[in-house]
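A short worksheet on the structure shown next.
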Amino acid sequence: MSQPTKPRKLRKFNLRLAIGLTIVTILAAGSLILPFFTSVDPAAQGTYLKNLPPSAKHLLGTNALGQDIFWYLVFAVRNSLLLGVTVSIGITAISTFLGLSAGFIGGWYERIVVVFMDTFITIPVLPILIVLGAIVRGNTSFFVVAAILIVFGWAWNARTIRSMALTLREREFINMARFSGAGVMPIIGREIFPYVYAFMVVGFINTILFAINTEAALAVIGLSNVVIPTLGSIIFWALNYNAIMIGQPLWIIAPIVTTVALFLGLFLTSTGYNELFAERRGVA
Amino acid sequence: MKLAQYVVQRFIGYLLVLFIGITITFFLPRLMPGDPINNYISQVQARAGQSLSAEATQQLRDSLAELYGLQGDIFTQYRNYLARVVRLDFGPSFTYYPEPVSNILLDAMPWTAGLLITTTLLSWLIGNSIGLIAGYFNKRRWATILEVVGIILYPIPYYILALVVILLLAYWIALFPLSPTFLPGPMTWNKAVSIIYNSFLPALTLILAGFGWNVLAMKALAVATKEDAYVQFARLKGTTDRTRMTNYVFRNAMLPQITALVLSLGFIFNGAIQTEVIFSYPGIGMTMRAAAGAGDYNLLYGAIILTIFSVATAALILDLIYPLFDPRIRLGG
C-alpha cells in the first residue's frame with residue numbers, strides 16, 4: 001500500500017544543469033569508452049596516409065602527420081579530463097582540509113596557513129610550469145604537471161572555504177553542538193561539511209576547468225609534453241603544421257569546437273548546480 | 001595610531017609573501033630532475049659536433065656555474081640569490097650575453113604593460129557597464145541575451161578565443177596581420193598608428209576574454225543591490241532610473257569589482273604569456289617563452305620574480321586603498 005503523499009511542488013527544472021550535464025556526459029563517456037574499440041596508438045605518426053579527407057573510415061580525416069584526427073581527439077579529451085579530475089581531487093581535498101581547519105582552529109595555526117595561502121595565490125602557475133618545463137626539456141610527465149597544478153592551485157579554494165568556515169563558526173547551531181560537548185572534528189564533519197559541500201562540488205568542477213586550461217595553455221605554446229594527446233597538444237601540432245594554410249581546417253576547428261563544448265558543459269554544470277542548490281535551500 | 005599600525009602590518013605581510021614566493025621559486029626547480037648546465041652543455045656539444053675537449057667542457061661548466069650563481073652548497077647559493085634579488089640584479093642573460101637581464105626586462109615591459117593595462121581597463125569598463133545595465137533591467141529580454149553572451153564567453157579558454165579571432169579576422173577576412181611588425185626607430189605618428197593597428201587583434205582577444213566575467217559578476221551584484229532598501233527609498237523620492245543606476249547601485253556594486261580590477265592589473269605579466277606567444281608580440285611573455293626555449297635561466301628567473309612582485313604589490317595597494325573606497329571599513333573601529 002502506498003503512502004498518501006502530499007502534492008509536493010515539483011523542483012524547478014534547471015536548464016543550465018541539464019544542458020551542462022548532457023554535454024559533459026557525452027564527452028566523458030565517449031572519450032572513456034571509445035578507446036577500447038581501437039588498437040591503434042593515435043599519437044603514432046604515419047599510421048595512415050597523410051591529409052585524407054573525412055570519410056567513413058576517418059570521420060575527421062587524417063592530418064599532415066598521418067594521424068587520424070578523430071581518434072587523436074578522443075584520446076585528447078580523455079587525457080585532459082583525467083588530468084583535470086586528478087588535479088581537482090587533490091586540490092579539493094587539500095583546500096577543504098586546510099580551509100576548514102584554519103577557520104576553526106584559529107590562532108597561530110590559522111596565521112601560518114593564511115600566509116601560505118596568500119603566497120601561493122601570488123605565485124603565478126604558468127611561469128613556474130614554464131621554468132620546470134624548460135629544465136626537464138619537454139619530458140614533463142603528466143604526473144609532474146598534475147602535482148605542480150595541485151601545489152600551486154589549492155590556495156584560491158582554500159581561501160573561500162576558510163571564509164565560509166569563519167562565518168559558520170559564529171552560527172547558533174555550531175555553538176549548540178559545542179556546548180553539547182562535540183569535539184572539533186565531529187563538528188566539522190557533521191555540522192559544517194553539509195554547508196560546505198555545495199561549494200565543494202562547484203569548486204571541484206571549476207578546478208577541473210583550471211587544470212585542463214593550464215595544461216592546454218602550456219601545450220599550445222609548446223611547453224608541456226606535446227607527445228601525449230591533450231586538448232592543448234592537438235592544437236600545438238595543428239598550429240605547427242599550419243593546418244589552415246595547408247587546407248586542413250578540420251585539424252584545428254575540431255579541437256576548438258570540442259574544447260568550447262567541454263568548457264561550456266562543465267561551466268553550465270557548475271553554475272546550474274549552484275543555482276539548484278541555492279533554490280533548494282531557499283537562499284536564492 | 002591605528003592607521004600606522006595597519007599599514008605596517010600589511011607591509012610586513014607583503015614582505016613575507018614576497019620572501020616565501022621567491023624562496024619557493026628558488027628551491028622548486030632544484031628539486032626537479034635535470035640540470036640546466038648539463039642541458040646547455042649538451043646543446044653546445046650538439047652544435048660543436050662533439051669536438052669539444054674535456055677541459056673545454058669543464059671550463060664551460062665552471063663559467064656557467066658562476067654565471068648562474070650555482071657555486072658552493074645550496075645555502076650559499078640561496079644567500080647569493082636573495083642578495084641579488086634585493087639589488088634587482090639577475091645577472092647577464094645567456095642568449096643575449098652580456099646584456100643584463102634587468103635591461104631586457106625593462107625593454108619588454110612597456111609593450112606588455114601598454115597592451116595589458118589598456119585592455120584590462122577597457123574590458124573592465126565595457127563589461128561592467130553592460131553588466132550594470134543588464135542587472136538593473138534584469139527583467140528585460142535583452143538583459144537575458146547579454147547574460148547568455150557572457151555565459152558563453154566566460155568559460156572559453158583564452159587560447160581558443162585567440163585562435164578563433166585569428167581565424168576570423170586575420171585569415172578568412174584578412175583585416176589584420178597574422179603576426180605584428182613594428183617599425184623600428186623613434187616614436188612618430190606613423191609608428192604609433194602601426195603599433196595600434198598591429199596590436200588590435202591581441203587587444204581584442206584580451207578584451208573579449210575579460211569581458212564575460214565582468215558582465216556576469218556585475219550583473220549579479222547589480223541585481224542584488226537594486227533590491228536594497230536605500231535604493232527603494234531613492235525610487236520613492238522620485239529619482240530617475242539613470243540616477244539610481246549610477247549613483248546608488250553602481251557605487252556600491254563597484255567595490256568587489258575594484259578588487260578584481262586591481263588584482264587583474266597585478267596579474268598582467270602572467271596573463272601576457274599566452275597572448276604574446278600566440279600573436280608573436282614582443283613583451284615579457286614572449287621573452288619568457290624564448291628564455292625557456294633557450295635555457296636562459298637568469299632571464300626566466302628575472303621574469304618570474306617580476307610577475308610575483310607585481311601580483312603581491314597589487315594586493316598590497318588594494319589593502320591600502322580599500323578603506324578609501326569603502327566607508328564601511330573603519331580601521332580599528
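Every read-out reported here was derived from the displayed coordinates using simple, explicitly stated rules and does not represent laboratory data. This one's a predicted model, so the numbers in the text were calculated from it and none came from an experiment. Don't worry about glycine lacking a Cβ; one is built from the backbone with ideal geometry, like all the others, and counts go over all protein chains shown.
Of note:
- Cβ-based charge dipole, the range B:171-321, positive-most Cα from B:Thr205, B:Gly238, B:Ile195: B:Gly238
- Low-density loop cleavage sites - chymotrypsin sites (Phe, Trp or Tyr not before Pro) in the range A:160-226, where at most 10 other Cβ are within 10 Å (DSSP): none
- Here each label is just a point 7 Å from Cα along the line to Cβ, and for B:Asp89 and B:Thr313 those points are 2.1 nm apart.
- Value of relative contact order over the range A:146-282, rounded to a whole percent, pairs C-alpha under 8 Å and six or more apart: 21
- Cα gyration tensor shape of the range B:76-118, rounded if a/c is under 1.5, else prolate or oblate by comparing a/b with b/c: oblate
- Computed on the Cα trace of the range A:181-229, the radius of gyration divided by the Kirkwood hydrodynamic radius gives Rg/Rh = 1.36.
- Max mean-square fluctuation residue, GNM over chain B, Cα-Cα springs under 10 Å, options B:Pro29, B:Pro202, B:Pro282: B:Pro29
- Result for chain B in a Gaussian network model with C-alpha springs under 10 Å: among B:Asn190, B:Asn138, B:Asn80, the largest mean-square fluctuation is at B:Asn190.
- Pairs of lysine residues in the protein assembly as shown - Cα separation under 26 Å, sequence separation of 8 or more or cross-chain: 9
- Order by protection proxy (mean Cβ within 10 Å, highest first), peptides A:261-268, A:239-246: A:261-268, A:239-246
- Over the range B:101-330, the Kirkwood radius and the radius of gyration, each from Cα atoms, give a ratio Rg/Rh of 1.04.
- Reducing the range A:97-125 and the range B:219-254 to their Cα centroids gives an inter-centroid distance of 36 Å.
- For A:Leu60, the residues 5 or more places off, or on other chains, whose built amide H falls under 5 Å of its own are A:Ser55, A:Ile69, A:Phe70.
- For the range A:21-36, the Karplus equation 6.51 cos²θ - 1.76 cosθ + 1.60, evaluated at θ = phi - 60°, returns couplings of 5, 4, 4, 5, 4, 4, 5, 5, 4, x, 6, 8, 8, 3, x, 6 Hz by residue, with Gly and Pro reported as x.
- Once the chain from B:Leu168 to B:Leu255 is taken as fully extended at 0.36 nm per residue, the excess over their C-alpha distance is 27.7 nm.
- Nearest 10 degrees, 0 to 90: helix A:107-122 Cα axis against chain A principal axis: 20
- Coil-residue chymotrypsin sites (Phe, Trp or Tyr not before Pro) of the range B:161-257, DSSP, other Cβ within 10 Å capped at 14: B:Phe182
- Residues with amide H under 5 Å from that of B:Ser93, placed H, sequence gap 5 or more: B:Glu99, B:Val101
- For the range B:94-161 and the range A:213-270, distance of Cα centres in Å: 21
- Computed [θ] at 222 nm, helices only, for chain A once each DSSP H run of length n ≥ 4 contributes -39500 (n - 2.57): -23000 deg cm²/dmol
- Convex hull volume of the Cα atoms of the range A:67-131, normalised per residue: 94 Å³.
- For the protein assembly as shown, the fraction of C-alpha pairs farther apart than 33 angstrom is 53 percent.
- Under the simplified labelling scheme, the A:Leu49-B:Tyr6 pair shows an inter-label distance of 7.4 nm, with each label point 7 Å from Cα along Cα→Cβ.
- Of B:Asn298, B:Val164, B:Gly127, farthest towards positive along the dipole that unit charges on Lys, Arg, Asp, Glu beta carbons give chain B: B:Gly127
- Equivalent ellipsoid semi-axes - Cα gyration tensor, the range B:142-277, angstrom: 38, 18, 15
- Amide H to amide H distances under 5 Å link A:Gly66 with A:Gly46, A:Asn51, where only residues 5 or more positions off or on other chains count and H is placed in the peptide plane.
- B:Arg61 versus A:Phe173: modelled label distance in nm, points set 7 Å from Cα along the beta carbon direction: 6.6
- Our analysis of chain A gives Rg over Rh at 1.07, with the two radii drawn from alpha carbon positions and Rh computed by the Kirkwood formula.
- In sequence order, calculated HN-Hα J values of the range A:164-177 (Karplus, 6.51, -1.76, 1.60; Hz; x Gly/Pro): 5, 4, 4, 6, 5, 4, 8, 6, 4, 5, 6, 4, 4, 5
- Ranked list, fewest to most other Cβ atoms within 10 Å of each Cβ, for B:Lys237, B:Lys191: B:Lys237, B:Lys191
- Average beta-carbon neighbours from other chains, 10 Å sphere, peptide A:114-122: 6
- Checking every one of the trypsin sites (Lys or Arg not before Pro) in the range A:39-107 against DSSP loop status and a limit of 15 other Cβ atoms within 10 Å picks out A:Lys50, A:Lys57.
- Taken one residue at a time, the phi angles of the range B:128-139 give Karplus couplings (6.51, -1.76, 1.60, θ = phi - 60°) of 6, 4, 5, x, 5, 5, 5, x, 5, 9, 5, 8 Hz. Gly and Pro are set to x.
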